[in-house]
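A short reminder: the numbers here are calculations on the coordinates, not readings from a lab. The model shown is predicted, which means the values in this text are computed figures rather than measured ones. Glycine also receives a Cβ, built like all others from the backbone with ideal geometry; neighbour counts cover every protein chain displayed.
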Amino acid sequence: MLTLILLFSWISFIEVSQATAGERIVVPIHALERHNIVRYWIPVKIGAKTVEAILDTGSTGLHVIGETVSNQDYSPTGQQMRYSYSNGQTILGDVATAQVSFADTAETKTIPIDIIRDLTCNQTVKRCLMPLDKRLEDPGQLLGKENYQAIIGASMPSPAFKVAAPNPLVSFGDAWIIRLPRSGENEGELIINPTSDEVAGFVRFPAGQGPNQGGGRDNPIPGCLTIESSRKQYCGPIVLDTGNPQILVIAPEQFHAWRPGTKVAMSFDDGSNPSLKASFSVGNGMTDSTRLAVGPFPNFHQPPTRVLVGVEVYKHFSVLYDYKNGQIGLKRL
């Protein structure tokens, strides 16, 4: 999972100008399965180098493995960075600035990025996926497959949430739509600065105003998961995360996974329109996007019940991130 837990230290924050609505940019989203996990990536140009970056809506910022770009592609700031993902893996590196662009657009922005130098383990996470006394020789292992060269954290940040390398999409526009590729499609779309026609029809929710400090807290919207046979419900903040390959219910219950084949309904309610609903069947693999596990999950610092629906919601809905108005929108595919 690529959900971020904030652990920054030694950092003074860089001010980044927020873009107003500008050029409409369409970036292809590609899907690739590796190690039984489907990841979604987009091409991002950093300096003169185009890299494949995992699209992760559960974290914030552009993080690039140092070996994939040359020193001429970025300018060091002299600042260091350190933060962990909720699986315990911790990125160490440097903050830099670089000229960044998407797709074939001529529009380029100079923005802060993180240059990954090393990986280790966050010792406060009991079930870290790495031994505490060992660092990875290949930082690419963090990304789930050898060919990925970066992570682009596309969470819509709270205005109070300050990081050294903020979401780069905010520098290009004040809204974006994510439509992941469906089964049989070669690619989906990331649309930055969508037109009025493209944003029409979305049911909008205020983006959660919680701490927005990763760990499965980014941009929650109200909703429920319902086990159709028993009508058992898990309601609370629902978190969308393209970097999470399964569904987790963070609740004060003994850990258990629902039986494969169990029918589940996912619903979202804005209080004024009929609930948006989608159904799926529970999967059985540890890396299955429909595997549904329930428990306290100490890595997520148990608050009231909340539901991490991972990538599953993107299989049923296009998702609008309206940064200017602080809203997330859903529209059935």
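Beyond a 30 Å Cα-Cα separation, which of these cross-linked pairs lie in this structure: LYS45/LYS277; LYS277/LYS324; LYS45/LYS315; LYS45/LYS324? Please list the in-between numbers first.
On the way: LYS45/LYS277 37 Å; LYS277/LYS324 26 Å; LYS45/LYS315 27 Å; LYS45/LYS324 25 Å.
Flagged as over cut-off: LYS45/LYS277.
Where does each of 255-265, 189-199, 316-326 land if you order them by average Cβ count within 10 Å, highest first? Before the final figure, lay out each step's value.
Values: 255-265: 14.4, 189-199: 16.7, 316-326: 19.1.
Order by mean packing, descending: 316-326, 189-199, 255-265.
Quick check: net charge around VAL27, other residues with Cβ under 13 Å of its Cβ, Lys/Arg +1 and Asp/Glu -1? Numbers along the way, then the final one.
Values: positive: ARG24, LYS45, ARG179; negative: GLU23, GLU52, ASP104, GLU107, GLU187, GLU189.
Around VAL27, the surrounding residues sum to -3.
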Ranked output for segments 275-284, 40-49, 54-63 by mean other Cβ atoms within 10 Å, highest leading, reads 54-63, 40-49, 275-284
